[in-house]
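The values are calculated or read from the model by the stated rules, or taken from the named source; none is laboratory data. The structure displayed is predicted, hence computed values, not measured ones. Every residue, glycine among them, receives a Cβ derived from its backbone with ideal geometry; neighbour counts consider all protein chains shown.
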Amino acid sequence: MTETQHFEVVVIGGGSGLTAAYFAGQDNRSVALITDRPEAIGGTCVNFGCIPTKTLVQSARAVDVIRSTASFGVHVDLRTLRIDFAGIMNNMRAARADNAAGARRWVESAMTPFFSPVRFVGDKLLETEDGRRITGDKLFIASGARAAIPPIDGLADTGYWTNEDVLELIEQPASLIVIGGGYIGVELGYFFAALGTEVTVINPDDKLLAEDDDVRELFTREFGKRARLVTGRAKRATRTDAGKRVEVADGAGHSHSIEAEQILVATGRQPNTQSLNLAATGVQVDERGAIQVDAHLRTDHADIYAYGDVIGQGMFKHTSSAEGELAYRNSQNDDHRADRAMSYRANPHAVFSDPEVAAVGLTEAECDKQGQDYRVSTLHYADIAKGKIVGAPAGFAKLLIENDSERILGCHIVGPDAALLIHEVVVAMNTTAADASLVRRAIHIHPSLSELVGTLFDQT
Ligand SMILES: Cc1cc2nc3c(=O)[nH]c(=O)nc-3n(C[C@H](O)[C@H](O)[C@H](O)COP(=O)(O)OP(=O)(O)OC[C@H]3O[C@@H](n4cnc5c(N)ncnc54)[C@H](O)[C@@H]3O)c2cc1C
């Protein structure tokens, strides 16, 4: 039997796993980094998620800008507009390969890499596919998640794309059915639609996204100008002579048939835990397969921490990175009572579609569910000077503040640069009192879109 290698810190996962590995390296710990995808170090964000998809969205935005110049008195001949789809995809893949290669070089120089799938074979004891055994003082599981594929009759035989497959395309599909109206579906759907693909989005609810209801309503209305929206559940997929067909059952029991060249499945993410044999080390998962952790990101095993998509909370890159640093720091405390809890209260997110969406804190429905006593205020882009200058786009910012205090409960923005604009609210919410007067007291540049946030706070 091979000898078991021992490290102070063992990390499973080459995505946000790198965060715990980085901080361990800063403390001069011996670090093992295990990943089953050495060609994709950096994980989902670098290779199949945030960065490549936002690179594609940037091309979509460029097309939108060109198409909108006439309203600013600048006329271009749109007949000369040519989309180099293969060029767009190749550029994205080249940048992605550079990023992954850079991350791999760093991993190989800064820690001990194990490029293999791994599973637990005992208490804190891991084994790679080729039989190498690894153990450690503190272990971190950041094995991420993959596209969840819903049980749709005939889907596997018909064939479909996930977020990973679309990034390998060379030819643009003429038409595309997107199953799922969450953020992945509407970001990729926006990219294809802006470039001229005929996009149909199937979503169980008549409003897209999981956001504040007012945001969902405006987003759905605006996105519906680009793509056909079908409300219902995809039940069956088949091949046709020209492409693929999906049958959708709506809430009233009616069935619709939709045809397109290809199908993209974007129906959520499934935590990667099945193959880890977590039972061998006493780590529990919930019914979705997500690892259960306490507020300090510790699993049921005192020396094993988990974070990122595999714990199924937040499921964004910035969240995973924040969790990774906290999990590492907590693991180095001798006195666990001094551990810091992960707070998701001021954890923002964005949807890079059109319109763009960003949010932090509670939605109005969540405030109601929690019995919060609060006031609401909304301000439209068209109501501020810069908003008018940029063409009065559809969109607004909405603020929820606790009554009898200045505590910010949540803020939601839908419209241009929403992901940038939300950040001053994030900073204010990150203080103990989440004090709205921090934003109110700030002087905002005139005329800038940041006045949308400043004026919203002034009026609330
Ligand atoms: C299309 C798309 C777009 C996205 N856009 C954004 C965005 O704009 N902004 C944002 O913040 N987030 C975005 N996300 C989410 C973000 O990518 C994830 O939240 C983040 O990458 C999760 O990091 P992670 O480390 O938990 O998982 P991953 O990055 O998936 O890392 C998991 C690692 O574990 C390894 N692994 C798994 N099982 C094993 C095993 N048994 N043995 C060894 N290794 C294993 C994998 O190979 C991988 O290296 C997007 C996601 C998708 C899919």
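Based on what the data block shows, is Lys138 on the phi > 0 side of the Ramachandran plot and in the same structural domain as Gly25 (by TED's automatic domain parsing)?
On the way: on the phi > 0 side of the Ramachandran plot: no; in the same structural domain as Gly25 (by TED's automatic domain parsing): yes.
The answer is no for Lys138.
Going through region 239-256 one residue at a time, which ones are under 30 Å from the mean Cα position of the chain (by Cα), at pLDDT 95 or above and not small (Gly, Ala, Ser)?
Lys244, Arg245, Val246, Glu247, Val248
Taking Arg82, is it over 22 Å from Asp417 (Cβ atoms) and outside any helix (DSSP H, G or I)? Can you show your working first?
Working: over 22 Å from Asp417 (Cβ atoms): yes; outside any helix (DSSP H, G or I): yes.
It is true that Arg82 is over 22 Å from Asp417 (Cβ atoms) and outside any helix (DSSP H, G or I).
Any residue that is of a type in the set (Asp, Glu) and modelled with pLDDT under 95 - is there at least one of those in region 409-417?
Checking region 409-417: not a single residue is of a type in the set (Asp, Glu) and modelled with pLDDT under 95.
How about region 242-361: which strands (runs of 3 or more DSSP E) wholly inside it have at least 1 residues that are surrounded by 16 or more Cβ atoms within 10 Å (Cβ to Cβ), acidic (Asp, Glu) and out of contact with any Leu (no Cβ under 7 Å at 6 or more places or on another chain)? Give the derivation first.
Numbers: elements: 244-249, 255-260, 262-265, 269-271, 304-306, 349-351, 357-361.
The strands (runs of 3 or more DSSP E) meeting that bar are 244-249.
Looking at region 121-128, is at least one residue surrounded by 23 or more Cβ atoms within 10 Å (Cβ to Cβ) and within 12 Å of the ligand (Cβ to nearest atom)?
Yes: one or more hits.
If you take the residues of region 393-406 that are surrounded by 17 or more Cβ atoms within 10 Å (Cβ to Cβ) and charged (D, E, K, R), which of them is farthest from the chain's Cα centre (by Cα)?
Glu406
Being surrounded by fewer than 21 Cβ atoms within 10 Å (Cβ to Cβ) and aromatic (Phe, Trp, Tyr) narrows it down to one of Phe85, Phe48, so name that one.
Phe85
Residue-by-condition table, conditions (1) over 21 Å from the mean Cα position of the chain (by Cα); (2) at pLDDT 95 or above:
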site: Asp334; (1), (2): yes, no
site: Val351; (1), (2): no, yes
site: Glu356; (1), (2): no, yes
site: Glu366; (1), (2): no, yes
site: Arg375; (1), (2): yes, yes
site: Asp383; (1), (2): yes, yes
site: Gly391; (1), (2): yes, yes
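May I ask you to list the residues in region 1-60 that are of a type in the set (Val, Ile, Thr), part of a helix (DSSP H, G or I) and either closer than 21 Å to Ser275 by Cβ or near the ligand (Cβ under 7 Å from one of its atoms) (or both)? Before you say what the answer is, go through the steps one by one.
First, pick out the residues of region 1-60 that are of a type in the set (Val, Ile, Thr): 2, 4, 9-12, 19, 31, 34-35, 41, 44, 46, 51, 53, 55, 57.
Adding the requirement that they be part of a helix (DSSP H, G or I) leaves 19, 44, 46, 51, 53, 55, 57.
Selection gives Thr44, Thr53.
Residue by residue, here is whether (1) out of contact with any Leu (no Cβ under 6 Å at 6 or more places or on another chain); (2) closer than 19 Å to Ala385 by Cα; (3) aliphatic (A, V, I, L, M) holds:
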{"site": "Cys411", "(1), (2), (3)": "no, no, no"}
{"site": "Val427", "(1), (2), (3)": "yes, no, yes"}
{"site": "Ala434", "(1), (2), (3)": "yes, no, yes"}
{"site": "Arg440", "(1), (2), (3)": "yes, yes, no"}
{"site": "His444", "(1), (2), (3)": "yes, yes, no"}
{"site": "Asp458", "(1), (2), (3)": "yes, yes, no"}
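Restricting the first residue to region 171-185 and requiring it to be closer than 20 Å to Lys207 by Cα, which pairs with a second residue that is more than 15 Å from the ligand (Cβ to nearest atom) and among the hydroxyl-bearing types (Ser, Thr, Tyr) meet a Cβ separation below 6 Å and a spacing of at least six or different chains?
What qualifies is Leu176/Thr197; Ile177/Thr200.
Which pairs do you get when a residue that is closer than 30 Å to Lys235 by Cβ and touching a residue at least 12 places away in the same chain (Cβ under 8 Å), found in region 127-153, comes within reach of a residue that is among the small types (Gly, Ala, Ser) and assigned to a strand (DSSP E or B), reach meaning Cβ atoms under 6 angstrom, with the pair 6+ apart or on two chains?
So the pair list comes out as Ile152/Ala234; Ile152/Ala237.
Considering each of Val453, Val414 in turn, give the residue that is among the aliphatic types (A, V, I, L, M) and in contact with a His (Cβ under 8 Å, 6 or more places away or on another chain).
Numbers: Val414 fails: in contact with a His (Cβ under 8 Å, 6 or more places away or on another chain).
The conditions single out Val453.
If I ask for residues that are in a loop (DSSP other than H, G, I, E, B) and under 17 Å from Glu366 (Cβ atoms), which ones from region 378-417 would you list? Walk me through how you get there before you give the answer.
Taking region 378-417 first, the residues in a loop (DSSP other than H, G, I, E, B) are 384, 390-395, 403-406, 415-417.
Asn403 - this is the single residue of region 378-417 that is in a loop (DSSP other than H, G, I, E, B) and under 17 Å from Glu366 (Cβ atoms).
Any residue in region 64-79 that is farther than 27 Å from Gly15 by Cα, assigned to a helix (DSSP H, G or I) and touching a Lys or Arg at 6+ places or on another chain (Cβ under 8 Å)?
For region 64-79, residues farther than 27 Å from Gly15 by Cα, assigned to a helix (DSSP H, G or I) and touching a Lys or Arg at 6+ places or on another chain (Cβ under 8 Å): present.
Please go through region 301-333 and pick out each residue that is more than 15 Å from the ligand (Cβ to nearest atom) and touching an Asp or Glu at 6+ places or on another chain (Cβ under 9 Å).
His301, Asp303, Arg329, Asn330, Ser331, Gln332, Asn333, listed by residue number.
Going by the conditions given, is Asp214 more than 16 Å from the ligand (Cβ to nearest atom), in a helix (DSSP H, G or I) and either surrounded by 21 or more Cβ atoms within 10 Å (Cβ to Cβ) or not assigned by TED's automatic domain parsing to the domain that holds Leu56 (or both)? Steps first, please.
On the way: more than 16 Å from the ligand (Cβ to nearest atom): yes; in a helix (DSSP H, G or I): yes; either surrounded by 21 or more Cβ atoms within 10 Å (Cβ to Cβ) or not assigned by TED's automatic domain parsing to the domain that holds Leu56 (or both): yes.
Here the answer is yes, as Asp214 does meet what is asked.
Tell me whether region 273-288 contains one or more residues that are at pLDDT 95 or above, assigned by TED's automatic domain parsing to the domain that holds Ile12, under 28 Å from Ala60 (Cα atoms) and within 16 Å of the ligand (Cβ to nearest atom).
Among the residues of region 273-288, not one is at pLDDT 95 or above, assigned by TED's automatic domain parsing to the domain that holds Ile12, under 28 Å from Ala60 (Cα atoms) and within 16 Å of the ligand (Cβ to nearest atom), which makes the answer no.
Out of region 129-165, which residues are surrounded by 15 or more Cβ atoms within 10 Å (Cβ to Cβ), part of a loop (DSSP other than H, G, I, E, B) and charged (D, E, K, R)?
Arg132
Output the residues belonging to region 67-82 that are of a type outside the set (S, T, N, Q) and either exposed (fewer than 13 other Cβ atoms within 10 Å of the Cβ) or within 16 Å of the ligand (Cβ to nearest atom) (or both).
Applying the first criterion (of a type outside the set (S, T, N, Q)) to region 67-82 yields 67, 70, 72-79, 81-82.
Once the filter is applied, which keeps residues that are of a type outside the set (S, T, N, Q) and either exposed (fewer than 13 other Cβ atoms within 10 Å of the Cβ) or within 16 Å of the ligand (Cβ to nearest atom) (or both), region 67-82 yields Ala70, Phe72, Gly73, Val74, His75, Val76, Asp77, Leu78, Arg79, Leu81, Arg82.
Could you tell me which of the residues Val414, Val439, Val427 is of a type in the set (A, V, I, L, M, F, W, C) and closer than 28 Å to Glu222 by Cα?
Working: Val439 fails: closer than 28 Å to Glu222 by Cα; Val427 fails: closer than 28 Å to Glu222 by Cα.
That would be Val414, the only listed residue that is of a type in the set (A, V, I, L, M, F, W, C) and closer than 28 Å to Glu222 by Cα.
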